[in-house]
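Structure, as structure tokens:
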Amino acid sequence: MNLQIYLMTKALAEHDIHNAEIEIDHIKGLTFVNNVQLGIKYPLEYIQNINNLSKDKIYDYCFLGKFGKERGNLLNKFLGENSKILNTRRGRDKNIKFSFDKEYYQTIANAKFSLCPNQGSTEKYKHDYGWTYRLIETVFCKSMPIAFRETPYGKHFIRDINFLWNDEEHNFSSKKYPKIIDKNYKKGLEYWTLQPREINKIKLG
């Protein structure tokens, strides 16, 4: 099963919606449920699990995931003794991929800044819907997303979520930081969890 479908199926089940017709456009991050167009949606169970994690900031930067030469070159700048940047296929392990990975989410929650490059710099990913799970998870974990100018997000995905670019100053001590994090979190719930109006449309469909 595709992760995008798995997350949506769990989110729907929380609202007693079962056996819905689900189709996806993974490149654009779109999910269609009973012909209702939605984006990526996370189950509320994941949000609650994240809320139960410690938010103590013990890392400056974090990235856990697979990266090749291009992504590795982007991430190298942030390597340091107080950063946790690991090239790992853990997230692609089927025994972990379709479950709440507490270790993964805890690392993001413990980071001041989470590195969130888009999938790549090719035209396949440089479009108005360019997206990544990592930014969504960063918002839910109340870390500050770091986007990369080399691999930008699409305008239909990022909307008004606040982030910092990889080549600008990252000041964790700024008084604006907590307010930005909280605003992102509230917007993230609106964008990436099922809303009452969306549930009604699905049921009517």
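Please treat every number below as a calculation from the coordinates, not as lab data. The structure displayed is predicted, hence computed values, not measured ones. Virtual Cβ from ideal backbone geometry, glycine too; neighbours counted across all protein chains shown.
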Cβ charges +1 (Lys, Arg) and -1 (Asp, Glu), total dipole of the chain, debye: 220
Highest-MSF residue in the chain out of 84, 155, 126 [GNM, Cα springs under 10 Å]: 155
Sparse-neighbour loop sites [GluC sites (Glu not before Pro); region 133-171; at most 11 other C-beta within 10 Å; DSSP]: 168, 169
Percent antiparallel among DSSP beta bridges (both partners in region 40-145, rounded to 5): 0
Placed amide H near residue 30: partners under 5 Å, 5+ positions off or other chain: 25
Estimated vicinal HN-Hα couplings, Hz - region 181-196 in sequence order (Karplus 6.51, -1.76, 1.60; Gly, Pro = x): 4, 5, 5, 4, 4, 5, 5, x, 4, 5, 7, 10, 10, 5, 9, x
Global form of region 21-139, assessed from the alpha-carbon gyration tensor, a/c cut-off 1.5: oblate
Gyration tensor (alpha-carbon) shape descriptor, region 63-205, a/c threshold 1.5: rounded
Helix 3-13 vs. the chain, principal-axis angle (Cα, 0 to 90°, nearest 10): 50
Dipole axis of region 53-191 (+1 Lys, Arg; -1 Asp, Glu on Cβ), positive-most option in 67, 173, 148: 67
Residue-count net charge about residue 35 - beta-carbon cut-off 11 Å; Lys, Arg +1, Asp, Glu -1: -1
Part-to-part distance (alpha-carbon centres) for region 134-175 and region 44-58, which is given in Å: 19
Prolate/oblate/rounded call for region 62-118, Cα gyration tensor, a/c under 1.5 rounded: oblate
